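Just so it is clear, none of the values below were taken in a lab; they were calculated from the coordinates. Note that this is a predicted model, so its numbers are computed, not measured. Glycine also receives a Cβ, built like all others from the backbone with ideal geometry; neighbour counts cover every protein chain displayed.
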Amino acid sequence: MAGDDLRPTLAGTYRLPTIVGRAAELAELGRLLLDRRVRLLTLTGTAGVGKSRLAREALPDSGFRADRDAMVDLGECVDRTGAWNAVLEKASHRSLAAAPRYFDPVEALSALASMIGASPAILLLDNCDRVVEQISTDVARLLDHCPNLTLVATSRIPFNLYRECVLCVRPLSTGCDTGDYYPGSAPAAQLLLDSIDSHYRGTGAVADRLVLDEIVRELDGVPLAIELAAGSIARIGPVRTLHRIEAGADLKSTSYVDVPARHRTLHGAVEWGLDDVAPEVLDLLLRLSMYESVIDTDMACLAAGTTDEEATNAMTELVRRSLLDHVSSGPHGNGYRLFATVHAYCRQILAADPARATAMRDDHVDRLCGLAETIGPRFDTSEHRATALDAAGKRIVDFIAAVHYLIDSGRPERAVRLAADLESAWIQFGYQSEVESVLAKALEMSDRSTLSPGLTAPLCLEVLGTWAGRSGRLRRAVDLLTNSIAAYRRFDRPVDAARVAVVLVPVLIAVGDRAGAKDRLSVAARYADELTGPWPGRLQGSMMLLRMPDPPTRDTEIWGKLRDRARCLDSTARLIGLNTLARTQIGPRTADRAQLLYRENLDEDGLEEHVLQAIVALEGCAMAYDAVGIEYAEATMTLMYAARRLRATHGIPQLGAGDPAPRVAEHRNALGEARFREIMRTAGEMSLAEAVAYACTGPTLPDPDDSPLAALTNRQGEIARLVATGMTNRMIATQLGISEWTVVNHVRQVMLKLGCPSRLHVALLVERDSQPAEAVDEPTVELPRITVARKA
């Protein structure tokens with residue numbers, strides 16, 4: 001009958017206490033135990049990782065003889081005397097319960113050494129964490145006295161002896177290396193299934209193995225934690241168990257009488273053996289638990305506020321005690337993280353002392369803000385940008401968490417400043433959209449009508465507006481920056497309003513509102529003497545930008561000066577300056593200039609460190625092609641869709657409705673539906689490097705002052721002009737008195753020389769070439785005179 005095979009084969013309920021996923025470790029242990037060179041083998045690892053079970057499973061297969069060898073649990077021993085008396089009791093196979101006194105440690109060790117002598121023997125010193133430092137020298141002497149003795153020990157802390165062989169026991173794997181992974185099949189998940197009572201194992205409560213997979217991942221595959229979770233699943237089910245784990249709740253066992261008290265809760269398992277840890281080391285552990293990034297010495301210095309040497313020593317102690325997990329190695333040091341079980345322990349310690357937790361969290365965020373203030377200016381210099389991005393990237397998730405915390409704890413202004421300092425990092429690592437959403441939350445929380453001089457709202461509007469302008473979302477930038485200026489004025493901050501106006505002017509020019517740009521510039525110029533830093537120079541640049549002809553012409557004076565000014569800037573500022581100038585040159589008669597500037601940016605060394613400006617340049621190239629005509633439809637659409645895809649890939653918001661964009665419908669019609677869809681597919685698969693290469697090697701837009709028809713012979717030029725009138729080959733042959741075949745050959749040469757794929761493109765090119773240059777009178781813009789205050 002269907003489903004009969006799912007019934008339990010035994011009456012009642014049962015568990016399967018077995019060792020799972022340890023075949024490789026058992027094989028390695030067996031090899032080491034048979035190697036005569038290995039006299040002291042210590043199994044280390046974090047609390048609950050399964051050191052004892054692994055050692056006890058391996059010994060019977062390695063020549064262990066119950067009559068001469070011994071397994072000794074030192075978990076309840078707290079000093080050297082108790083430890084060696086416990087070993088002597090087990091090794092001599094007699095009880096010392098009736099003895100009038102314990103031997104002192106020297107006597108116990110001497111008796112043990114005499115009893116073992118030169119005989120082959122194996123001693124397992126299990127759970128010796130609390131006495132390992134007290135008995136380490138005794139262990140060395142015992143091994144010297146007993147040449148055929150092998151000592152196996154389990155401890156989170158090694159003995160630190162020269163002859164010691166240390167085997168670090170790792171948690172169980174929580175995933176599968178193959179692509180055909182089936183939920184619940186990882187070793188950690190298998191242990192969880194085996195640890196659940198059969199009554200629950202076959203019911204719908206654990207039917208969703210994906211939840212079980214998530215549970216073992218949250219627990220890092222630590223066996224003790226998994227077994228404790230199994231007990232929780234039996235009581236409240238897997239989903240609620242997962243929620244409790246994610247919330248940091250402790251896991252407790254059903255109190256099996258043969259389970260040590262320290263193994264009945266996850267908190268107790270981690271805490272056991274930490275009595276002798278220095279307070280400053282435990283303090284560092286709690287501080288490190290607040291980080292989500294990989295931990296290194298630099299982060300430890302930041303967390304503790306200590307010197308590099310002090311932080312290194314404290315980190316070494318945490319690693320030695322199996323509280324930190326080694327996850328990476330590199331030329332600049334190792335990377336670590338807290339085991340999930342240790343992290344949960346730290347959360348519980350802090351939750352029990354809210355005042356301490358709040359003070360520690362505030363200090364943690366303050367240190368991150370200080371680091372951001374140091375890193376931020378380095379983004380803007382070519383020399384330091386790479387290292388600054390690397391430093392920010394290592395801690396990017398912690399910076400995001402800090403922004404959230406500052407907003408939630410009522411400090412939105414500092415959150416906005418932190419976000420502004422790290423603009424380049426958000427863009428580079430794909431977090432710009434997320435951070436903008438977070439700042440939008442801060443903006444909603446602020447009451448613009450009752451703000452104090454903290455000015456959260458205008459500052460937030462300024463930051464979001466600046467980011468929108470730099471990423472080409474011009475309509476959004478106009479709205480945000482305009483509101484920021486109004487908010488600053490409302491709080492009587494005219495200099496701040498003037499600063500934002502300088503940012504707004506190029507955006508207004510880009511959307512065609514030159515009158516509005518002139519008004520904003522006039523207001524900003526009134527406070528020129530009070531602007532500091534780079535702002536006076538930017539104000540002058542905005543004035544020059546407003547003097548550019550509109551629509552753009554072939555005039556070179558102002559354009560050349562602005563180009564040279566931009567080239568003198570460093571790093572991101574140069575790219576932004578050239579992209580801004582290039583945008584002003586997008587027009588039928590100046591598109592070649594725009595393309596030239598965009599390509600200059602795309603040829604920048606280290607462009608991979610400037611993702612946003614690279615994408616803006618790609619979109620600019622598409623707009624330049626679009627301005628020339630539909631004969632460049634393929635290049636236009638390829639770059640437009642490649643840039644759109646790259647924005648999504650790198651977490652950069654898409655352009656909005658009303659922002660400048662190519663004429664998709666016209667280009668689509670010119671290409672045909674099949675070719676258009678093929679271009680969309682190809683562009684959507686381009687990496688940033690591939691899109692940049694395409695833009696730099698694509699068709700070069702011609703200088704309209706240089707007629708493309710100059711490359712044609714007189715006869716070819718004559719035929720090209722007749723093609724532009726719509727005449728067929730036969731009609732041209734009749735009019736010129738030549739054969740139709742000759743006309744066909746001439747038309748082919750014309751298309752080849754002009755780079756035109758069709759007769760239509762030839763006609764368009766001839767038509768544009770025949771149009772006289774527009775006579776554009778450069779407007780005389782009466783701009784305010786400004787005086788830049790200079791420090792003596």
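Just a few scattered comments:
- Here the dipole of the chain is about 1060 debye; that uses its Cα centre as origin and unit charges on the Cβ of Lys and Arg (positive) and Asp and Glu (negative).
- The order of VAL49, VAL616, going from fewest to most other C-beta atoms within 10 Å of their C-beta, is VAL616, VAL49.
- Only Cα pairs under 8 Å and 6+ residues apart enter the sum, and on that basis the relative contact order of the chain stands at 8 percent.
- When Rg and Dmax are taken over the Cα atoms of the stretch 23-168, they come to 14.2, 47 Å.
- Three-way shape label, the stretch 514-569, alpha-carbon gyration tensor, a/c 1.5: oblate
- One decimal place: the segment ALA665-LEU161 gains 173.8 nm when fully extended, by the rule 0.36 nm per residue minus the C-alpha distance.
- Put the Cα centre of the stretch 103-155 next to the Cα centre of the stretch 358-406 and the gap is 51 Å.
- Pair THR728, HIS326: separation of 7 Å Cα→Cβ label points (nm): 8.2 nm
- Footprinting exposure proxy ranking of VAL277, VAL20, VAL270, fewest other C-beta atoms within 10 angstrom first, gives VAL277, VAL20, VAL270.
- Within straight-line reach of LYS394, meaning a Cα separation under 29 Å, sit the following lysines at least 8 residues removed in sequence or on another chain: LYS441.
- Residue exposure proxy: HIS343, HIS93, HIS145, ordered by other Cβ atoms within 10 angstrom of their Cβ from fewest to most, comes out as HIS93, HIS145, HIS343.
- Given 16 as the ceiling on other Cβ atoms within 10 Å, longest exposed-site-free region of the chain for GluC sites (Glu not before Pro) in DSSP loops: 293-684
- Angle in degrees between helix 714-724 and the longest Cα principal axis of the chain, rounded to the nearest 10: 80 degrees
- Its convex hull of Cα atoms gives the stretch 708-770 a direction-averaged projected area, equal to a quarter of the hull surface, of 3.6 nm².
- Cα-based reach from LYS252 at 29 Å (exclusive), listing lysines while leaving out same-chain residues under 8 positions away: LYS51
- Positive-end residue of ALA627, GLY577, ILE558, charge dipole of the stretch 550-646 with Cβ unit charges: ILE558
- DSSP-loop chymotrypsin sites (Phe, Trp or Tyr not before Pro) across the stretch 253-351, with at most 14 other Cβ within 10 angstrom: TYR256
- Between the stretch 565-624 and the stretch 237-268, the Cα center-to-center distance that results, in Å: 59 Å
- Pairwise centroid distance, computed over Cα atoms, of the stretch 329-345 with the stretch 411-435, Å: 26 Å
- In this simple spin-label model, placing a label point 7 Å from the Cα along the Cα-to-Cβ direction at both ASP390 and THR682 gives a separation of 3.8 nm.
- Label positions at ASP564 and THR649, each projected 7 Å from the Cα along the C-beta direction, are separated by 3.9 nm.
- Considering only alpha-carbon pairs that sit under 8 angstrom and 6 or more positions apart, the relative contact order computed for the stretch 23-168 is 38 percent.
- Taking all Cα pairs closer than 8 Å and separated by 6 or more residues, the relative contact order of the stretch 708-770 comes to 45 percent.
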